[in-house]
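One structure below.
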Amino acid sequence: MKVLKKGEQRLFEADAETATVVSRMLIELERDGMDAVRRYSRQFDDWDPPSLRLTPAQIEEAISRVPQQAIEDTDYCQGNVRRFAEEQLKTLLPLEVEIRPGVILGHRHIPVNAVGSYIPGGRYPMFGSAQMSIIPARVAGVKRIVACTPPVKGQGYYPATINAMHKAGADAIYILGGVPALALMAFGLDGVEPVDVLCGAGNRFVAEAKRQLFGRCGIDLLAGPTEILVIADDDADPALVACDLLGQAEHDPNSGVCLICLSEDFAHRAMEELERQLAVLPTRDIASLSWRDHGIVYVASGPEEAVRLSDNYAPEHLELHVRDTEFYFSHLANYGSLFIGEETTVAYGDKTIGTNHILPTSRAARYTGGVWVGKFLKTCTFQKMTPQASVEVAAVTERQCNLENMLAHGITARVRIDRYTAPLTGGR
């Protein structure tokens, strides 16, 4: 393996300053309720309307300002997300099995009752994020979905975002950003019942708020700056590889950009092409920083080492620009979402194709996947048995409990032995 460019891979870390700020805010928000919510909304977003929740009339008015083509395109994207979530749900089957005579075990997939969806704004109005958190929850069977999105500072809301939130199935839409938005949903402010799960991407303050609120409610995952890793062999097109790397680099100055090549010649050609495209890229002010500070280029000795390097990075998005896609598909293990072949690109997954773009970053792909319909389901076990089976299991249970000196546990087993064997000896 040879390193041609070694930038920094950003990992999610609890920044002490951010943690302190968020902790103070959450304490104030829980203590002061909507007074604190409005105070922060005025401070950060210059936003203080009579109600932070949109009325049905305001939602319809916002949608009326969205161009028809944008509405149709959003419907297309949401249809793909919904179809894929529905197909995923079909794979999650209930289970009931008799593992021994009279001993029946099983599980059910039960949707959580309420979800809080956060749709980020900021540098880009990422209205496509609405369907990524709302639709899988709705398909899972979640009964109540509250959605928040920040305003355009001092101007109100972005109509395309409201259209996407409404069409995806949000029951309540709030124009509110950052930590106050998560507090409103998690604490149950403004008459909103507290949600069971918080979902959605955001800046470091949003991520930290989710971290601190975890336990009070569930969260989808902790996401840091976006990442892309491309594995490319000599059959790849260096211009296309460079284009896809820059496509993610524009997100944020801290975006992760990694290229693993199978030859040094291709690596140099791809880097030269990237610099050429970067010079004329409309968002080069951002993309150039992420490439400069976080761009990584490796030359692997072969496909096996390419897999090892990629799995160690554990990228959010992983593209394969290689001839033998099947080898990599069968050997790679750590990624948020995999884009197989040059025909697919991260932007498809981010916006259009139907897979989810709320994905693990900062090497979290080692232990979790992204948001999907299963994130909003609890897999809960159950057990039932016949009296005869209860006697058999109770005997083993009593001995195990007594061995651990958990005598009250053992008694619960003993009383069932006595209860269900008594009729056989003429009494109860």
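Only the coordinates and a few stated rules stand behind these numbers; no lab work does. Because the structure is a prediction, the values reported are computed rather than measured. Note that we place each Cβ from the backbone using ideal geometry, even for glycine, and neighbour counts take in every protein chain shown.
Would you please give the FRET efficiency between GLU275 and ARG323, computed as 1/(1 + (r/R0)^6) with r the Cβ-Cβ distance and R0 = 25 Å, to the nearest 0.05?
Working: r = 26 Å, r/R0 = 1.04.
My answer for the efficiency is 0.45.
In this Cβ point-charge picture (+1 for Lys and Arg, -1 for Asp and Glu), the range 257-332 has a dipole of about 200 debye about its Cα centre.
Scoring 37-45, 276-284, 83-91 by mean Cβ neighbours within 10 Å over their residues and listing the highest first yields 37-45, 83-91, 276-284.
Going by a ≥ b ≥ c, the root eigenvalues of the Cα gyration tensor, does the chain fall in the rounded group (a/c under 1.5), the prolate group (a/b larger than b/c) or the oblate group? Here the chain falls in the oblate category. Roughly speaking, what is the centre-to-centre gap between the range 76-135 and the range 158-235 when only Cα atoms are used, to the nearest Å? One Cα centre to the other: 16 Å.
For ALA70, what is the net charge nearby, where nearby means another residue's Cβ is under 15 Å from its Cβ and Lys, Arg count +1, Asp, Glu -1? Neighbourhood net charge equals 0.
Show that you can apply the helix-only estimate: for the chain, add -39,500 (n - 2.57) for every DSSP H stretch of four or more residues, divide by all residues, and state [θ] at 222 nm to the nearest 500.
Dividing the helical sum by the residues of the chain leaves -14000 deg cm²/dmol.
A simple packing score, the average count of other Cβ atoms within 10 Å per residue, orders the peptides 358-365, 173-180, 93-100 as 173-180, 358-365, 93-100, with the highest score first. Summing charges over neighbours of LYS153, with a neighbour being any other residue whose Cβ is under 15 Å away from its Cβ, gives -1 when K and R count +1 and D and E count -1. Placing a pseudo-label 7 Å from each Cα along the Cα-to-Cβ vector at LEU92 and LEU407 gives an inter-label distance of 4.5 nm. Each Lys and Arg contributes +1 and each Asp and Glu -1, all at the Cβ; summed about the Cα centre of the chain, the dipole is approximately 2020 debye. Give the long-range amide H neighbours of GLU227: residues separated by 5 or more places, or on another chain, with amide H under 5 Å away, using H modelled in the peptide plane at 1.01 Å from N. Close amide H contacts, sequence-distant or interchain: GLY256, GLU316, HIS317. Each residue of the range 145-158 was assigned a 3J(HN,Hα) from its phi angle through the Karplus expression (A = 6.51, B = -1.76, C = 1.60, θ = phi - 60°), giving 10, 9, 10, 10, 9, x, x, 6, 3, x, 10, x, 10, 8 Hz with x at Gly and Pro.
The alpha-carbon of LYS167 sits under 15 angstrom from the alpha-carbons of these aspartates and glutamates, leaving out residues fewer than 8 places away in its chain: GLU60, GLU61, GLU72, ASP73, ASP75. Take every Cα pair under 8 Å whose residues are at least 6 apart in sequence, average their separation, divide by the length of the range 386-425, and the relative contact order is 46 percent.
Placing unit charges on C-beta atoms (Lys and Arg positive, Asp and Glu negative, everything else neutral), compute the dipole magnitude of the range 386-425 about its Cα centre in debye, rounded to 20. Numbers along the way, then the final one.
Details: 4 positive and 4 negative charges, 16 e Å.
It works out to roughly 80 debye.
Charge tally around ALA181: other residues with Cβ under 13 Å, Lys/Arg +1 each, Asp/Glu -1 each, net +1. Starting from the Cα gyration tensor of the range 386-425, take the square roots of the eigenvalues, sort them a ≥ b ≥ c, and report rounded, prolate or oblate (rounded when a/c is under 1.5, otherwise prolate if a/b is larger than b/c, else oblate). Verdict is prolate for the range 386-425.
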